[in-house]
Amino acid sequence: MSGRAAFIGRVAAELEKGLIIYSRYRIWLLSDLISWPFWTIFFFLSFLMYSPSLLSSQYHLNAFTWSFFTFILVSSFMWASNFLATSAQEGILEYVIMTGSSIREHMLGRSVVSFIDLAVGGPVLLLISAAGFGTKISVAYPHLMLVSLVLASAFFYFFSSMLAALLVSLRSPWIIINVAQFIIPFTSGAIPVEVLPPEIRSTITYSPFFYVIHPIVASATGQYFMPPVLVFMVGGILCLAIYLASRVLEDALLRRALRHGKFTLF
Amino acid sequence: MRALNQLAGIVEAELRALAREAGVFIFVVFFPFMFSLLTYGAGQALTGGEASPTQWFYQLIGFTIMMIALTMSSSSAWYFRRGMMTGRLEYIFAAPVSPLTAVLSSALTSVIFNIASFIVVAAIGVIAVYGPYYLVNVIGVILFLALALLPVIGFNLLVGILTIFFREPEPVTNLINAVVSSVSGFTYPIILLPNFLQILGQVMPYSHIVNGARDILAGSFKYVQLSPHLFLLGYLIIGLIVFRVGEITYVRKSGVHW
């Protein structure tokens, strides 16, 4: 079998594995579908407690709905980072390496679940916001929204691979993931830029995550903080950089595993 | 007396196990600060800098009690799940210990751990917002929580039984945690919720716990606020009954153990 065919076979096997595992836990899907409306209410009101009058502003309701949409996106991919540590702890990773597969390909099996979570959870969130809070969901620039979602999904897939390599040897990587899943989106553009004070607006542009998170909210509200071309160009470069970083870390992890017999970068 | 010795023994072992996981304690203490500061920051932005420190304190205490509620609600579920995964459960069942004693020990450990984390968070919050003079109120909250968390142990047993039937603790606890978090008024007044969710929030023990804790810390607690807690003890009784029925049913079905 040629190298290319073997690669496609391994990727297909990982995707199949991810889908089979996901389909085994149907109770998870049911649990998620019921719990998402409640978590949406919780997050909405936790933020809007400070200004309940915004509950009557359609613009802000729409903007915050897309804020929480980005949270679902980031959270779905961040939790995939936990997968590698679990694989290492359960002794699966050694067998994966023996099959000639790579860590990134192995991560794909878990990331497909992230994509499904986003594909199901995202629309459910929009529906809940419309039905529960009366939000008129709108997207000012649908074509830019599409590009934003593709860019953010690719970025966070590579980012979760990189993070997984960094956290692989921790006993409780979920602690870091749990904290990061909130800090990253809500300090990097998930909260609509136009509602922030001017001094904070310019500060958050220094976050690399801003260039992949802000476009989602901005495409919905129509309020880009910078020219869209510039935002997408920087976002694309960052996506490429994070891909390269994930490859370097994966190679380093593999080299150390072969030399020292355990999966750790430190 | 024998059951008490067993309970003390398991609690000691559980606390030793927890002591080895300092990261969890740091997370439980850090998380309410992180989240309340995040929402406070958003609140400052939304109100043009008019969000008050007492609003931040309101959410800080709310998030802390929420963490307690969530970890307690799932502690029994995870106790059984981890026991089954590691093989520890077989040894527990092989020992002459009642399953109820083992589960209650786990819940008690959870209470001790959570009250310890609450003391740290509440003390910092009280000093920051009300000043050191109000620190004495933290002692009052500890006594209050020791009583008010009893119904949560009953709730915990109900979740544990559900886990045994659904096999996986995460989907069950995820669902229950979502409902409990959103309707209990941890981080916003439940008056912002639709009526039927307000009723659900008041039927469960958590809104009474979090409001009581906040009022004690702020020095505005009234003894009449204790009255719902007597009724909420019904959760403990129901939890114990359901646990016993579940235990008998499961032992009969599986023949040997859980």
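The values are calculated or read from the model by the stated rules, or taken from the named source; none is laboratory data. Worth saying up front: this structure is predicted, and the values here are computed from it rather than measured. Virtual Cβ from ideal backbone geometry, glycine too; neighbours counted across all protein chains shown.
Structural remarks
- Entirely in segment A:138-206, the helices (runs of 4 or more DSSP H) that have 3 or more residues that are among the polar types (S, T, N, Q) and out of contact with any strand residue (DSSP E or B) (no Cβ under 7 Å at 6 or more places or on another chain): A:142-167
- Within segment A:46-76, the set of residues being within 8 Å of another protein chain (Cβ to nearest Cβ) and not in a helix (DSSP H, G or I) comprises A:MET49, A:TYR50, A:SER51.
Here's the yes/no breakdown for (1) at pLDDT 95 or above; (2) surrounded by fewer than 16 Cβ atoms within 10 Å (Cβ to Cβ); (3) small (Gly, Ala, Ser):
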{"residue": "A:ALA164", "(1), (2), (3)": "no, no, yes"}
{"residue": "A:ILE175", "(1), (2), (3)": "no, no, no"}
{"residue": "A:THR187", "(1), (2), (3)": "no, no, no"}
{"residue": "A:PRO197", "(1), (2), (3)": "no, yes, no"}
{"residue": "A:SER202", "(1), (2), (3)": "no, yes, yes"}
{"residue": "A:THR221", "(1), (2), (3)": "no, no, no"}
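- If only residues of segment A:210-249 that are among the polar types (S, T, N, Q) and farther than 24 Å from A:LEU84 by Cα are counted, the one that is nearest to the chain's Cα centre (by Cα) is A:SER219.
- Test: residue in segment B:150-159 that is surrounded by fewer than 23 Cβ atoms within 10 Å (Cβ to Cβ), out of contact with any helix residue (DSSP H, G or I) (no Cβ under 9 Å at 6 or more places or on another chain), more than 27 Å from A:ILE34 (Cα to Cα) and away from chain A (no Cβ under 11 Å): no
- Total residues in segment B:18-39 satisfying the condition of being crowded, with 20+ Cβ neighbours inside 10 Å and not hydrophobic (A, V, I, L, M, F, W, C): the figure is 3.
Residue by residue, here is whether (1) out of contact with any helix residue (DSSP H, G or I) (no Cβ under 7 Å at 6 or more places or on another chain); (2) without any contact (Cβ under 8 Å) to a residue 24 or more places away in the chain holds:
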{"site": "A:SER23", "(1), (2)": "yes, yes"}
{"site": "A:LEU33", "(1), (2)": "no, no"}
{"site": "A:SER87", "(1), (2)": "no, yes"}
{"site": "A:THR99", "(1), (2)": "yes, no"}
{"site": "A:SER102", "(1), (2)": "no, no"}
{"site": "A:MET107", "(1), (2)": "no, no"}
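- Contact map, segment B:35-57: residues that are within 8 Å of another protein chain (Cβ to nearest Cβ) and more than 17 Å from B:ALA218 (Cβ to Cβ) paired with residues that are crowded, with 16+ Cβ neighbours inside 10 Å and among the polar types (S, T, N, Q), Cβ distance under 6 Å, separation 6+ or inter-chain. Pairs shown: B:THR39/A:SER46; B:THR39/B:GLN59; B:LEU46/A:SER51; B:THR47/A:SER51; B:ALA51/B:GLN44.
- Count of residues meeting criterion [modelled with pLDDT of 90 or more, out of contact with any helix residue (DSSP H, G or I) (no Cβ under 7 Å at 6 or more places or on another chain) and more than 28 Å from A:TRP28 (Cβ to Cβ)] in segment B:192-214: 3
- In segment A:203-220, the residues that are of a type in the set (Phe, Trp, Tyr) and closer than 17 Å to A:GLN181 by Cα: A:PHE209, A:PHE210, A:TYR211
- From the options A:SER219, A:SER246, residue that is touching a Lys or Arg at 6+ places or on another chain (Cβ under 8 Å), small (Gly, Ala, Ser), touching a residue at least 60 places away in the same chain (Cβ under 8 Å) and away from chain B (no Cβ under 14 Å): A:SER246
- Some residue of segment A:17-26 being facing another protein chain (nearest Cβ under 8 Å), within 26 Å of A:PHE68 (Cα to Cα) and in a loop (DSSP other than H, G, I, E, B): yes
- Any hit, segment B:4-16, residues being surrounded by 15 or more Cβ atoms within 10 Å (Cβ to Cβ), among the charged types (D, E, K, R) and either within 14 Å of chain A (Cβ to nearest Cβ) or more than 23 Å from B:ALA122 (Cβ to Cβ) (or both): yes
- In summary, A:GLY121 fulfils each of the numbered conditions (1) within 14 Å of another protein chain (Cβ to nearest Cβ); (2) under 24 Å from A:VAL248 (Cα atoms); (3) assigned to a helix (DSSP H, G or I); (4) not hydroxyl-bearing (Ser, Thr, Tyr) with the single exception of condition (2).
- Any hit, segment B:46-58, residues being assigned to a helix (DSSP H, G or I) and farther than 20 Å from B:PHE118 by Cα: yes
- For the residues B:VAL138, B:VAL203, B:VAL183, the requirement of being within 14 Å of chain A (Cβ to nearest Cβ) and among the hydrophobic types (A, V, I, L, M, F, W, C) singles out B:VAL183.
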